[in-house]
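Comments concern the structure below.
The values are calculated or read from the model by the stated rules, or taken from the named source; none is laboratory data. Quick caveat: nothing in here was measured; it's all calculated off a predicted structure. All Cβ positions, even for glycine, are placed from backbone atoms using ideal geometry, and neighbour counts span all protein chains on display.
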Ligand code: NI
């Protein structure tokens, strides 16, 4: 018994020892595994942040230079030259003159892996700057026949400068990169001059998403909704699809004192404007998605006592849902035609444009959230509202999975209710925010590559 007991006791002890050793081994193995997972990305992550810090001053200088020399869509000659020279100096393969003035650079990493596309837009707006900044634009030009000032009032100067910075950061780690990066510097995001095509649509037509085909695309837009150190994201539809609406109402011209002798297209057009407003207010389920129908211009008549023959109206349609977009188009035609008929007039309705909803791939968005959180911290990453503005990044994200985020640049100390919107002649940007944009794009690129290699 004693012996047996001893044997039994020794056996128990041995078993405990084995259990302990086993658990200890598992624990060490687990520690090692988690260490190797976390360090699989850390050398590049640390390097990105170091290089981004080094390039920050240059990014601000490029931004100021581009800001002082803004160019309208399809006329970004100086800007694209600046970009092309920079990419060439970094040793990238470049293509210029894509979709008029676009520049595309390819950085081939030293290791095999996916192709990540990064996009910035380069064009400015016909806005006369009133910021009074030392590098404010004094440029003037002729736009659709009128003389106007030109200003980077939508922050595309920042987008271009940040992507130039990202190119420098990633070129600085070329050999360690597990994949390739396609840098897309795009003209005419705000639209092309009358009679010209351009922007993302033309870039795609001219093959920017081929040879090599990017697996994903990332882009960003500055916003004065947030201060520096904040990034807004939203899965699925985030910015609206855009259609342009043109209505011509045909009446019968007559003397203003004898309206019964003609058909008044001005009164008919007025009824149509009000009728169209019932589409969004009475006929759509706005709990599904927001929608907007705006008439922005009415033209007709030459003097007080002549009822004209014709009235022309143009407007814009914004939606975040494809089905809803089709419904709106159908209702616009129905309301316009029936109101016209009731007045004895006729009307032509033309709906043009094909800008899709800017759609953030939900899976890609979820994959990139930890990266964005690392860049701005847990509190800095916020769920963005949907925007009824449009963005032609939508064309890329319609063709391949894309993610478009919003970078906070509202000057520190400005309350949200006093923030100056984009496209304002008074737009001022907190330039210290730009390094966050450089880090966001560079980190998303490298993390995506590390996940998918
Ligand atoms: Ni913009």
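In the range 227-240, the residue that is surrounded by the most Cβ atoms within 10 Å (Cβ to Cβ) out of those that are assigned to a strand (DSSP E or B) and within 16 Å of the ligand (Cβ to nearest atom) is 239.
Tally time: how many residues in the range 296-309 are assigned to a strand (DSSP E or B) and surrounded by fewer than 17 Cβ atoms within 10 Å (Cβ to Cβ)? Summing the residues that are assigned to a strand (DSSP E or B) and surrounded by fewer than 17 Cβ atoms within 10 Å (Cβ to Cβ) in the range 296-309 gives 4.
May I ask you to verify whether residue 224 is surrounded by fewer than 17 Cβ atoms within 10 Å (Cβ to Cβ) and part of a strand (DSSP E or B)? Can you show your working first?
Numbers: surrounded by fewer than 17 Cβ atoms within 10 Å (Cβ to Cβ): no; part of a strand (DSSP E or B): yes.
No.
Just one of (1) surrounded by fewer than 17 Cβ atoms within 10 Å (Cβ to Cβ); (2) over 28 Å from residue 133 (Cβ atoms); (3) out of contact with any strand residue (DSSP E or B) (no Cβ under 9 Å at 6 or more places or on another chain) fails for residue 426. It is (2). Does the range 394-404 include one or more residues that are surrounded by fewer than 16 Cβ atoms within 10 Å (Cβ to Cβ) and either away from the ligand (no atom under 15 Å from the Cβ) or at pLDDT below 95 (or both)? Checking the range 394-404: not a single residue is surrounded by fewer than 16 Cβ atoms within 10 Å (Cβ to Cβ) and either away from the ligand (no atom under 15 Å from the Cβ) or at pLDDT below 95 (or both). Within the range 329-338, the only residue that satisfies the criterion of being within 33 Å of the chain's Cα centre (by Cα) and crowded, with 21+ Cβ neighbours inside 10 Å is 332. Scanning the range 142-174 for residues that are modelled with pLDDT under 95 and on the phi < 0 side of the Ramachandran plot turns up 142, 143, 146, 147, 148.
Considering the range 121-130, and only residues there that are within 11 Å of the ligand (Cβ to nearest atom) and assigned to a loop (DSSP other than H, G, I, E, B), the residue that is nearest to residue 441 (Cα to Cα) turns out to be 122. Out of 133, 72, 107, one residue alone is more than 24 Å from residue 433 (Cα to Cα), more than 16 Å from the ligand (Cβ to nearest atom) and at pLDDT 95 or above. It is 107. Collect the residues in the range 144-197 that are outside any helix (DSSP H, G or I), surrounded by fewer than 24 Cβ atoms within 10 Å (Cβ to Cβ) and out of contact with any strand residue (DSSP E or B) (no Cβ under 7 Å at 6 or more places or on another chain), keeping them in residue-number order. Across the range 144-197, the qualifying residues are 144, 145, 146, 172, 173, 191, 192, 193, 194, 195, 196, 197.
The set of residues in the range 137-167 being within 16 Å of the ligand (Cβ to nearest atom) and either closer than 30 Å to residue 48 by Cα or within 18 Å of the chain's Cα centre (by Cα) (or both) consists of 152, 153, 154, 155, 156, 157, 158, 159, 160, 161, 162, 163.
For the range 29-49, taking the residues that are modelled with pLDDT of 90 or more and surrounded by 12 or more Cβ atoms within 10 Å (Cβ to Cβ), the one that is nearest to residue 87 (Cα to Cα) is identified as 48. Taken as a whole, the condition of being surrounded by fewer than 18 Cβ atoms within 10 Å (Cβ to Cβ), in a helix (DSSP H, G or I), free of Cβ contacts under 8 Å to residues at least 40 places away in the same chain and in the same structural domain as residue 248 (by TED's automatic domain parsing) applies to residue 341.
Looking at the structure I just gave you, is residue 326 surrounded by fewer than 22 Cβ atoms within 10 Å (Cβ to Cβ), free of Cβ contacts under 8 Å to residues at least 12 places away in the same chain and in a helix (DSSP H, G or I)? Can you show your working first?
On the way: surrounded by fewer than 22 Cβ atoms within 10 Å (Cβ to Cβ): yes; free of Cβ contacts under 8 Å to residues at least 12 places away in the same chain: yes; in a helix (DSSP H, G or I): yes.
Yes, satisfied.
Would you be able to say whether some residue in the range 220-228 is in the same structural domain as residue 183 (by TED's automatic domain parsing), within 20 Å of the chain's Cα centre (by Cα) and closer than 22 Å to residue 321 by Cα? Looking for residues that are in the same structural domain as residue 183 (by TED's automatic domain parsing), within 20 Å of the chain's Cα centre (by Cα) and closer than 22 Å to residue 321 by Cα, one finds at least one in the range 220-228, hence yes. Among the residues of the range 175-219, the one identified as more than 15 Å from the chain's Cα centre (by Cα), within 16 Å of the ligand (Cβ to nearest atom) and modelled with pLDDT under 95 is 192. Of all the numbered requirements in (1) in a strand (DSSP E or B); (2) without any contact (Cβ under 8 Å) to a residue 40 or more places away in the chain, residue 287 misses one, and that requirement is (1).
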